[in-house]
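See structure below.
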Amino acid sequence: MKEKISMILQIFVGYMKSENLGLAIFKDGSLVFVDQDTNEQWRITPENLQRLYDDYEAWI
């Protein structure tokens, strides 16, 4: 399992680097992706993540 998680993180970080994106994680659990070229930001709240997770389970 450790190897699988490591591989997922490597793919994720590689994608972030290729798209020149930064990532900030806040105390409330929000993730903020930042376009390093334009400084545009996209926030994902814990509620958004839970909804994505719940919706994904519905597809299976």
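The values are calculated or read from the model by the stated rules, or taken from the named source; none is laboratory data. Computed from a predicted structure; not experimentally measured. Heavy atoms of the whole protein, side chains included, go into the accessibility calculation; ligands, DNA and RNA do not. Shrake-Rupley method; radii C 1.70, N 1.55, O 1.52, S 1.80 Å.
Hey, got the Cα dimensions of the chain along the principal axes, in Å, largest first?
In descending order, the Cα extents are 37, 28, 23 Å.
Would you mind getting the accessible area per residue of the chain, heavy atoms of the protein chains only, 1.4 Å probe, in Å²?
Roughly 89 Å² per residue, with all protein chains present.
Within the accessible area of the chain, what % is carbon and sulfur when the probe is 1.4 Å and the other protein chains stay in place?
After summing per-atom areas, the C and S share lands at 60 percent.
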